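Peer 1: Okay, here's the structure, questions in a sec.
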Amino acid sequence: MALTNFIVTAAVVGGALLLFTTDVRKSGAVFRRNARQIRQWLEEDTASAASKYRHQTAPSLLFE
């Protein structure tokens, strides 16, 4: 009976460990994908703001 309990416990712990490591890997991949997307949005927003700033300031500099 003790051997059966040990084997069942080892199988459950091994399964939980396998699921946990898989979950950590998937979460890491999702985090990297989200970080990449946020970085892309920030770069687009920065480029857009710089473009708007250049368009707004260029004519005013010509007439001063």
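Peer 1: Working only within segment 5-59, note down all residues that are under 26 Å from the mean Cα position of the chain (by Cα) and basic (Lys, Arg).
Peer 2: Arg25, Lys26, Arg32, Arg33, Arg36, Arg39
Peer 1: So if I check each of Val8, Val13, Val30, Val24, which one is of a type in the set (Val, Ile, Thr) and modelled with pLDDT under 95?
Peer 2: Numbers: Val8 fails: modelled with pLDDT under 95; Val13 fails: modelled with pLDDT under 95; Val30 fails: modelled with pLDDT under 95.
Criteria check complete, one pass: Val24.
The values are calculated or read from the model by the stated rules, or taken from the named source; none is laboratory data. This one's a predicted model, so the numbers in the text were calculated from it and none came from an experiment.
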